[in-house]
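First the structure, in the form of structure tokens, and then the observations on it.
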Amino acid sequence: MTAAAFAPTRATESTGRRAAVGTRARDPLVAARTAFFSGTRWSGHTDGPNAAGYPQDDLVRLLEAEYGVRPRALPPGDGLGAGREDAVVAALRRAARLGVPLTPEALLAHREGGPWLWAVLAELWPETVRWYGHRHAEEALRAALTEAPDTSTTGHFLDLAVATDLAPLAPAEAARAGRHTDRAVRHAAWRYLHQLPGGTHYLPDLSVASDAYERVLLDPPAPVLGPREGEREGRVVAQTMLLGGLDTPGQGLSGGMAVLLGGLGDTLAETEGIAGVITVVTAGHEDLVAEDRLALERRPGHWVLKLPVDTPRSLAPTQTHRHRTALTWWAVRLLGGMPRPLDVLHVRYADDASLALAEAAERLGAASVFTATPDPHRGLADRHAARDQDDPRAAEALRHDLHRVFVADRLVERADTVVGIPGRGGTRELVRHYPHLARLGGGKGPSAPPEGIAPYRPAPDEHDRQRQALTNLYQDGARPDALDAEDRDLPLLLSVGRLHPVKQQDLLVRAWLETGGYGTSTLLLIGGSPHTATEAETDMRRRIDTLLAGFPQASRRFALMPALSNTDVRRLQRALAARSQQAPCWYVCPSAKEEFGIAILEAMEAGLPAAGPRNGGVAHYLRDGVNGVLMDTSGPTGLKRGLRRLARVGDDERRRYATAGGKLVTERFSVTRMANELTAEYAALQRP
């Protein structure tokens with residue numbers, strides 16, 4: 001998809017004036033983007049709040065700078081500290097969206113800046129090189145490197161050279177940067193030397209490596225992965241899960257996506273038309289120490305490839321921009337070394353890690369697919385309006401969200417095919433946040449292949465294992481991860497997921513306590529690392545402990561189990577669903593939003609009635625009062641109202657929800673159907 005295809009068209013001033021007036025009452029981000037991609041004029045400036053109640057503050061000024069026809073100045077000194085750098089970033093993003101190639105000198109002149117500036121420079125640089133030529137760009141890079149040697153910007157400049165196969169420095173010159181005290185500069189120089197003819201002779205000895213990451217960077221392995229020539233006909237497909245671990249759902253950043261992609265990769269590998277599947281994950285220092293193999297075959301035809309990252313553990317969502325060039329480098333090197341070339345690469349998250357892999361696909365000559373979601377677009381203005389205007393962390397969170405919106409646009413730009421996750425109106429909400437996608441599907445927007453879950457495979461001694469699962473759950477109410485045996489016949493509320501603020505387990509506990517639910521029911525949460533907790537997990541446990549401290553009589557009817565394997569979770573769900581109607585179990589998802597909700601589908605498939613959030617994609621399949629209950633999860637009041645409603649649902653109605661939910665999942669949301677529809681999408685693509 002070309003930038004020109006999505007560039008705004010010229011409109012008359014009267015049309016622009018009508019658009020500006022008509023969009024003031026809407027979400028300012030939606031209004032700004034709708035006007036920009038339709039070529040009409042938008043201004044968020046009014047005297048005071050707009051009709052939707054959004055303040056005319058720093059968000060609107062940033063949007064005007066990025067999307068407005070006549071960008072306004074960004075005066076410094078407010079709560080955001082908006083000023084020159086924000087204006088530069090906004091202008092460069094506009095240039096990227098419009099497909100305007102800037103000269104190498106113009107880009108490199110902006111060398112002093114923060115992460116969002118360097119991120120957009122990295123995105124613009126390849127097009128600048130294509131437009132002005134390798135020689136011109138190489139000379140400009142050399143001038144920048146030699147004018148200010150031995151600074152932190154050296155690493156950024158070398159990253160730009162690596163991204164576009166330029167050689168502004170001789171090996172001996174780069175070797176000096178390879179001894180820099182700054183890790184980022186040192187590693188950029190090593191990557192640069194790897195790509196120069198004879199450059200590896202200038203790399204330091206392995207003895208200088210300070211950790212497992214530096215050892216693997218100095219001496220990259222050549223893992224064996226991917227199908228061999230003649231083994232099987234079809235496409236070689238890579239899919240990415242770059243945050244969290246594939247085999248640790250419920251821990252850290254690993255959630256339903258791990259379950260989804262694990263089952264999908266296994267199923268795709270068995271699907272006609274697919275020669276092999278590579279699921280790409282990341283590996284931090286601890287992972288590299290624990291397992292030195294970068295590739296393994298999970299199932300026949302399904303490989304897992306680990307891209308090393310210079311972090312202690314998994315990538316943090318707010319730090320992916322720092323690893324973009326390294327991830328691209330590793331992906332090109334490792335995926336490019338397969339016996340058969342990669343045909344398709346599918347990314348699913350709007351961040352710089354996905355952008356790095358999309359860039360790698362382009363360099364490998366593979367087609368790329370992007371699954372677009374309304375995140376972080378949905379609710380961005382609401383989140384900003386509710387923030388503390390004097391909190392610098394909130395200001396940076398806003399900048400990060402706006403950066404992710406830009407990244408999502410760039411992923412759409414790079415993709416050969418965009419697919420969506422449907423909501424209640426199909427992909428209508430998606431098109432609202434990505435106006436340029438309205439041109440797909442004959443004006444209906446992108447296709448939306450259904451997501452699905454793998455079938456549950458019972459063990460030979462399944463009955464005994466289910467009985468033991470219940471015994472473990474009800475072994476001792478004094479334990480934090482178990483309930484009292486005497487409460488076995490009480491109704492149970494179950495929620496499974498990683499411990500994270502967006503999952504809102506603390507709000508569920510609060511609602512259960514404040515409605516007096518602990519007097520008539522029990523509550524079980526499953527999630528969190530069993531050994532080494534992340535900061536988010538520790539904070540969530542602290543919040544829950546604080547809530548329970550105010551209701552000491554409730555602690556024996558509450559349990560928090562660390563994450564279980566997907567098989568163990570689904571086994572426990574089946575055991576709970578099989579209990580008598582006098583001890584019913586509801587599956588409750590209190591998340592602020594779920595783009596799809598794999599855990600909800602698994603609970604419905606197990607035979608449990610489910611309640612989930614109105615916001616997000618769950619409402620696409622969970623119909624309120626038909627096969628489950630939709631709740632307002634925007635705050636504790638809505639959750640309390642939802643729990644009171646669940647308590648009033650009678651046995652017959654609850655059984656009807658469970659039956660309808662199980663039937664829906666069986667008929668519409670199998671991983672086999674998902675694999676077949678994605679295979680058709682992949683087969684229609686041609687290598688660029």
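Within segment 631-676, the residues that satisfy the criterion of being without any contact (Cβ under 8 Å) to a residue 60 or more places away in the chain, closer than 21 Å to Asp506 by Cβ and open to solvent by less than 40 Å² (accessible area, probe 1.4 Å) are Met631, Gly638. Of the residues making up segment 501-527, just one is in a loop (DSSP other than H, G, I, E, B) and open to solvent by 50 Å² or more (accessible area, probe 1.4 Å), namely Thr520. Out of the residues in segment 282-298 that are out of contact with any Lys or Arg (no Cβ under 6 Å at 6 or more places or on another chain) and assigned to a loop (DSSP other than H, G, I, E, B), state the one that is least open to solvent (accessible area, probe 1.4 Å). Among residues in segment 282-298 that are out of contact with any Lys or Arg (no Cβ under 6 Å at 6 or more places or on another chain) and assigned to a loop (DSSP other than H, G, I, E, B), the one least open to solvent (accessible area, probe 1.4 Å) is Glu291. Return yes when His134 is open to solvent by 10 Å² or more (accessible area, probe 1.4 Å) and touching a residue at least 40 places away in the same chain (Cβ under 8 Å) and no when it is not. Considered against the rule, which asks whether it is open to solvent by 10 Å² or more (accessible area, probe 1.4 Å) and touching a residue at least 40 places away in the same chain (Cβ under 8 Å), His134 comes out as no.
The residues in segment 467-484 that are surrounded by fewer than 15 Cβ atoms within 10 Å (Cβ to Cβ), in contact (Cβ under 8 Å) with a residue 40 or more places away in the chain and charged (D, E, K, R) can be counted, and the count is 2.
Might you let me know whether segment 245-253 holds any residue that is closer than 27 Å to Cys589 by Cα, open to solvent by 10 Å² or more (accessible area, probe 1.4 Å), free of Cβ contacts under 8 Å to residues at least 60 places away in the same chain and assigned to a loop (DSSP other than H, G, I, E, B)? Taking every residue of segment 245-253 in turn, at least one turns out to be closer than 27 Å to Cys589 by Cα, open to solvent by 10 Å² or more (accessible area, probe 1.4 Å), free of Cβ contacts under 8 Å to residues at least 60 places away in the same chain and assigned to a loop (DSSP other than H, G, I, E, B). Only one entry in Ala372, Ala358 is in contact with a helix residue (DSSP H, G or I) (Cβ under 9 Å, 6 or more places away or on another chain), modelled with pLDDT under 95 and crowded, with 24+ Cβ neighbours inside 10 Å, namely Ala372.
For segment 538-558, the set of residues classified as within 14 Å of Asp481 (Cβ to Cβ) and surrounded by 15 or more Cβ atoms within 10 Å (Cβ to Cβ) consists of Arg541, Ile544, Leu548, Ser555, Arg556, Arg557, Phe558, listed by residue number. Inside segment 613-630, residues that are among the charged types (D, E, K, R) and surrounded by 17 or more Cβ atoms within 10 Å (Cβ to Cβ) make up a count of 1.
Restricting attention to segment 299-318, the residues that are more than 19 Å from Gly337 (Cα to Cα), in a strand (DSSP E or B) and at pLDDT 95 or above add up to 0.
Residues in segment 170-186 that are closer than 25 Å to His321 by Cβ, touching a helix residue (DSSP H, G or I) at 6+ places or on another chain (Cβ under 6 Å) and either assigned to a helix (DSSP H, G or I) or at pLDDT 95 or above (or both): 4 in all.
Residues in segment 571-601 that are open to solvent by less than 10 Å² (accessible area, probe 1.4 Å) and in a helix (DSSP H, G or I): Leu572, Gln573, Ala575, Leu576, Ile600, Leu601.
The values are calculated or read from the model by the stated rules, or taken from the named source; none is laboratory data. Quick caveat: nothing in here was measured; it's all calculated off a predicted structure. When we count neighbours, we look across all protein chains shown, and the Cβ atoms used for this are built from the backbone with ideal geometry, even at glycine. Please note that ligands, DNA and RNA were not included when accessible areas were found on the heavy atoms of the full protein model with its side chains. Shrake-Rupley method; radii C 1.70, N 1.55, O 1.52, S 1.80 Å.
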